[in-house]
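Here's the structure, in structure tokens; my notes come after.
The values are calculated or read from the model by the stated rules, or taken from the named source; none is laboratory data. What you see is a predicted model, and the numbers here were worked out from it, not measured in a lab. Don't worry about glycine lacking a Cβ; one is built from the backbone with ideal geometry, like all the others, and counts go over all protein chains shown. Only protein heavy atoms, including side chains, enter the accessible area calculation; ligands, DNA and RNA are left aside. Shrake-Rupley method; radii C 1.70, N 1.55, O 1.52, S 1.80 Å.
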Amino acid sequence: MTLLNTCTDLNSLKKMLKFTALATLFSASFSVFAEPVEIKFSHVVAENTPKGQMALKFKELVEQRLPGEYQVNVFPNSQLFGDNNELSALLLNDVQFVAPSLSKFERYTKKLQIFDLPFLFKDMDAVNRFQQSESGQNLLNSMKRKGIVGLGYLHNGMKQFSASSPLVLPTDANGKKFRIMASDVLAAQFQAVDAIPVKKPFSEVFTLLQTRAIDGQENTWSNIYSKKFYEVQSHITESNHGVLDYMVVTSNTFWKSLPGDKRKVIKAALDEAVAYGNDIAAAKVDKDKQAIIDSNRSEITYLTPEQRAAWVSAMKPVWAQFEDKIGKDLIDAAVASNK
Ligand code: LMR
């Protein structure tokens with residue numbers, strides 16, 4: 001009886017060992033052949049821009065730190081999604097990261113309209129101070145209820161006006177058509193100088209300018225250079241009248257689906273990539289501006305203090321138009337960041 005029992009135990013032990021060995025082998029070979037999880041990062045600009053470079057750095061860091069587990073595929077130049085659909089694609093989890101300019105979130109929050117108020121920030125240091133302040137950091141959560149999580153700000157720079165004729169005084173913009181991003185504040189900004197704002201996606205701007213379907217646009221030195229707008233705009237005014245920065249966002253669904261430890265690594269990689277992109281943004285202001293000057297394709301207008309003051313007084317009334325939606329406290333906090 002005892003001998004029989006011992007034999008049965010031995011047999012089942014053997015079976016168990018066999019099963020465990022097989023299971024280990026199976027799971028090892030499974031993890032060898034398992035595909036890494038794909039993370040898509042889509043954006044609308046060229047690769048030689050702060051955002052383009054930031055996205056590539058993010059890919060490099062995530063794949064270096066989570067090898068074989070995650071693969072980041074970056075789609076630049078509106079290849080995958082453009083201005084009209086990148087945020088809805090994010091909410092459908094068709095893409096996991098996008099970084100639209102702060103002007104493009106209007107459908108999801110009115111609070112971010114603050115960044116479009118003309119002549120609000122005196123320079124990029126002031127923009128940065130505001131973004132890093134408590135009010136600025138709170139804005140990262142302003143779309144949470146809509147399912148969008150703000151992970152950080154990325155700089156591009158101050159915007160300049162460009163057109164097919166010189167823009168020295170606000171009256172020079174009268175009756176001219178300007179492409180704008182989909183923002184009511186930007187529309188009001190151009191209406192304030194009796195110009196005609198036309199909301200169009202970034203991917204269409206070059207052709208619209210080239211065919212003279214529109215007269216001008218506003219953008220950073222980096223975007224004017226990398227998308228060759230300077231080749232089809234005879235004049236650029238160094239106005240520094242507004243800011244074009246980004247919010248890197250993901251969807252609540254995707255973010256929550258990540259295991260906590262992986263989410264931490266991915267967020268740290270993103271923070272580092274953003275810091276890298278910000279350095280590039282700072283360097284590009286002078287570099288891309290100089291490249292445009294050297295090309296001799298576009299004449300640059302440098303405003304005198306009096307000329308600039310005329311633009312300020314024409315456009316600043318826009319603030320009052322949006323004060324209720326944005327909130328006076330927020331506007332005051334932004335103004336305070338100029339000190
Ligand atoms: C634009 O549409 O002009 C910009 O938002 C493009 C960009 O992402 O820099």
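Sorted from greatest to least, the principal axis extents spanned by the alpha carbons of segment 201-339 come out as 53, 38, 31 Å.
The HN-Hα couplings worked out from phi for segment 290-299 by the Karplus form 6.51 cos²θ - 1.76 cosθ + 1.60 (θ = phi - 60°) are 4, 4, 5, 4, 5, 6, 6, 8, 9, 8 Hz, whole numbers, x standing for Gly and Pro. If the segment from Glu47 to Ala320 were pulled out straight at 0.36 nm per residue, it would be longer than the present Cα-Cα gap by 94.5 nm. Remark: the chain carries 47 Å² of accessible area per residue (probe radius 1.4 Å; ligands, DNA and RNA excluded).
Tell me what the chain gives for mean residue ellipticity at 222 nm when only DSSP H runs of n ≥ 4 count, each as -39,500 (n - 2.57), the sum divided by the residue total, rounded to 500 deg cm²/dmol. Before the final figure, lay out the partial values.
Numbers: 13 runs with 160 residues, N = 339.
Here the helix-only value at 222 nm equals -15000 deg cm²/dmol.
Gly136 sits among other residues whose Cβ lies under 12 Å from its own Cβ, and their net charge, with Lys and Arg +1 and Asp and Glu -1, is 0.
Charge tally around Leu330: other residues with Cβ under 12 Å, Lys/Arg +1 each, Asp/Glu -1 each, net -1. Residues in segment 202-216 near a label at Gln79, defined as backbone nitrogen under 17 Å from the 7 Å Cα→Cβ point? Within reach of a label on Gln79, which here means backbone N under 17 Å from a point 7 Å along Cα→Cβ, segment 202-216 contributes 203. Excluding same-chain neighbours fewer than eight residues apart, the lysines reachable from Lys111 by a Cα-Cα span under 16 Å are Lys144, Lys146, Lys325, Lys328.
Note on segment 118-141 and segment 298-331: Cα centroid distance 16 Å, given to the nearest whole angstrom.
If one computes P(r) from the Cα atoms of the chain, what percent of pairs lie at distances over 39 Å?
Working: 13310 of 57291 pairs.
Percentage above 39 Å: 23.
Taking all protein chains together and rolling a 1.4 Å probe, Glu231 ends up with roughly 70 Å² accessible.
On the chain, 55 percent of the accessible area sits on carbon and sulfur atoms, based on a 1.4 Å probe. Taking other residues whose beta carbon is less than 15 angstrom from the beta carbon of Ala34, and scoring Lys, Arg as +1 and Asp, Glu as -1, yields -2.
Close amide H partners of Lys110, meaning residues 5 or more places away or on another chain with modelled amide H under 5 Å apart, do not exist here. Amide hydrogen proximity for Leu167: with H placed 1.01 Å from N in the peptide plane, no residue at 5 or more positions away or on another chain lies under 5 Å. The phi-based Karplus calculation (6.51 cos²θ - 1.76 cosθ + 1.60; θ = phi - 60°) puts the 3J(HN,Hα) values of segment 320-334 at 5, 4, 10, 4, 5, 6, 7, x, 5, 4, 5, 4, 4, 5, 5 Hz, whole numbers, x for Gly and Pro.
When all protein chains stay in place and ligands, DNA and RNA are ignored, the 1.4 Å accessible-area order of Thr211, Thr304, Thr49, largest first, is Thr211, Thr304, Thr49. Counting only protein chain heavy atoms and rolling a 1.4 Å probe, the accessible areas of Thr207, Thr237 rank, largest first, as Thr207, Thr237.
Counting every pair of alpha carbons in segment 197-273, the share spaced more than 15 Å apart comes to 67 percent.
Here segment 52-180 is described by how far its Cα atoms reach on the three principal axes: 58, 35, 27 Å, from widest to narrowest. At q = 0.19 Å⁻¹, what base-10 log of I(q)/I(0) does the Debye formula yield for segment 102-152 when every alpha carbon is treated as an equal point scatterer in vacuo? Log10 I(q)/I(0), no solvent term: -0.64.
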